[in-house]
Amino acid sequence: MRVHVQTRGSAGPPLLLVHGWGGDHRVWDALDFGERRVIAVDLRGHGRSPAPATGYTPADLAGDLLPWIEEPVVAVGHSMGGQVVTALAVEHPSAVRAMVVVAPAYGADEAEERLIPGRLAALRADGAGAASRQLGPLPAPVAEQLLATPGHVLAECYAGMYTLPGAFGVRRESERYLARRVCPVLAVHNVPEAARWEAGLPAHPRSTTVVWPEAGHFLHLEQPARFADLVLSW
């Protein structure tokens, strides 16, 4: 599987930037990481990458990225991308020296878990239309990217995160899977309860959790300079 990638900069260690559900590499364009080498990907089925019928679990999506990793990366993932970089770190630990998860799409509590079957059924029936309704108002570039994403991709990615065997999106499964991460993790949340939950998990001693309660789900787009500074200083 050959995915589309945009690179810039030359200083290392490289940052591997992984967008969320229905996005593509352009969501990171507003972030300035200076001279740091950046690898921004379009996951399978998103942006300019091919959209096969299958292969949309977080582990599948993470595996697609391995050919682009020539040295251990700092893997940065937003929302679904948080699941993808987690799978990359768990399944291929030698590829990831550290990771940053931004409003990650794991740790769904019982209230959210009850919504999953209905949401998946709606996605299978109405693709991007259902996804737009479920997400609510989005930043303009993200809304355009979501509407351009094939419906089967959105549905299969959602199933890969929450319902297929091995999915770790719901909280009890998240706790088991995240315990397998061995690298430092910077977790940036906008929901205080989710931040408290993640901060209570077993983690590398250099891991840290930050919460920006004033921000929305796309906090790295709302405050790009602050986010870039946080990542680089960490």
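Under a 5 Å amide H cut-off, with hydrogens placed 1.01 Å from N, residue 208 pairs with 185, 186, 187 among residues at least 5 apart or on other chains. Of the solvent-accessible surface of the stretch 132-198, computed with a 1.4 Å probe and all protein chains present, 60% belongs to carbon and sulfur.
What percentage of the solvent-accessible surface of the stretch 33-121, computed with a 1.4 Å probe over protein heavy atoms, is contributed by carbon and sulfur atoms?
Result for the stretch 33-121: 49 percent of the exposed heavy-atom area is carbon or sulfur.
Could you tell me what percent of the DSSP beta bridges with both partners in the chain are antiparallel, to the nearest 5? Roughly 15 percent of the beta bridges in the chain run antiparallel, per DSSP.
In order along the stretch 218-234, phi translates into HN-Hα couplings of 9, 4, 6, 8, 5, 9, x, 5, 4, 5, 4, 4, 4, 4, 5, 6, 5 Hz, rounded to whole numbers, per the Karplus curve 6.51 cos²θ - 1.76 cosθ + 1.60 with θ = phi - 60° and x for Gly and Pro. What does the charge add up to near residue 203, with Lys and Arg as +1, Asp and Glu as -1, over the other residues with Cβ less than 12 Å from its Cβ? Residues close to residue 203 contribute a combined charge of +1.
Springs join every pair of Cα atoms under 10 Å in this Gaussian network model of the chain, and among 199, 187, 11 the largest mean-square fluctuation is at 11.
Over the chain, DSSP H runs of length four or greater, each weighted -39,500 (n - 2.57), average out per residue to a 222 nm ellipticity of -12500 deg cm²/dmol. Surface listing: 28, 234 arranged by accessible area from highest to lowest gives 234, 28, probe 1.4 Å. Entry note, the chain: relative contact order of 20 percent, from Cα contacts under 8 Å with a spacing of 6+ residues.
Accessible surface of residue 120, taken over heavy atoms with a 1.4 Å probe and every protein chain present, rounds to 20 Å². Taking the Cβ of residue 14 as the centre, find all other residues whose Cβ is under 12 Å away and add up their charges (Lys, Arg: +1; Asp, Glu: -1). Taking every other residue near residue 14 into account, the sum is +1.
Note down the relative contact order for the stretch 1-95 as a percent, whole number, built from C-alpha pairs under 8 angstrom at least six residues apart.
Numbers: 178 pairs, mean separation 32.9, N = 95.
Computed over the stretch 1-95, the figure is 35 percent.
Given a 1.4 Å probe and the protein chains as shown, residue 71 ends up with an accessible area of around 90 Å². Taken per residue, the accessible surface of the stretch 184-234 reaches 50 Å², heavy atoms only and a 1.4 Å probe. Rolling a 1.4 Å probe across the protein heavy atoms gives the stretch 36-149 an accessible surface of 40 Å² per residue.
Between 66, 146, 16, the residue with the greatest mean-square fluctuation in the GNM of the chain (Cα pairs under 10 Å linked by springs) is 66. Per-residue extension of 0.36 nm, minus the Cα-Cα distance of residue 126 and residue 163, leaves a gain of 11.5 nm for this segment. Checking every one of the chymotrypsin sites (Phe, Trp or Tyr not before Pro) in the stretch 29-116 against DSSP loop status and a limit of 16 other Cβ atoms within 10 Å picks out no site at all.
The values are calculated or read from the model by the stated rules, or taken from the named source; none is laboratory data. Here the structure is a predicted model, which is why all the values come from computation and not from measurement. Methodologically, a virtual Cβ is constructed for each residue, glycine included, from the backbone with ideal geometry; neighbour enumeration extends over all protein chains shown. With ligands, DNA and RNA removed, areas are computed over all heavy atoms of the protein, side chains included. Shrake-Rupley method; radii C 1.70, N 1.55, O 1.52, S 1.80 Å.
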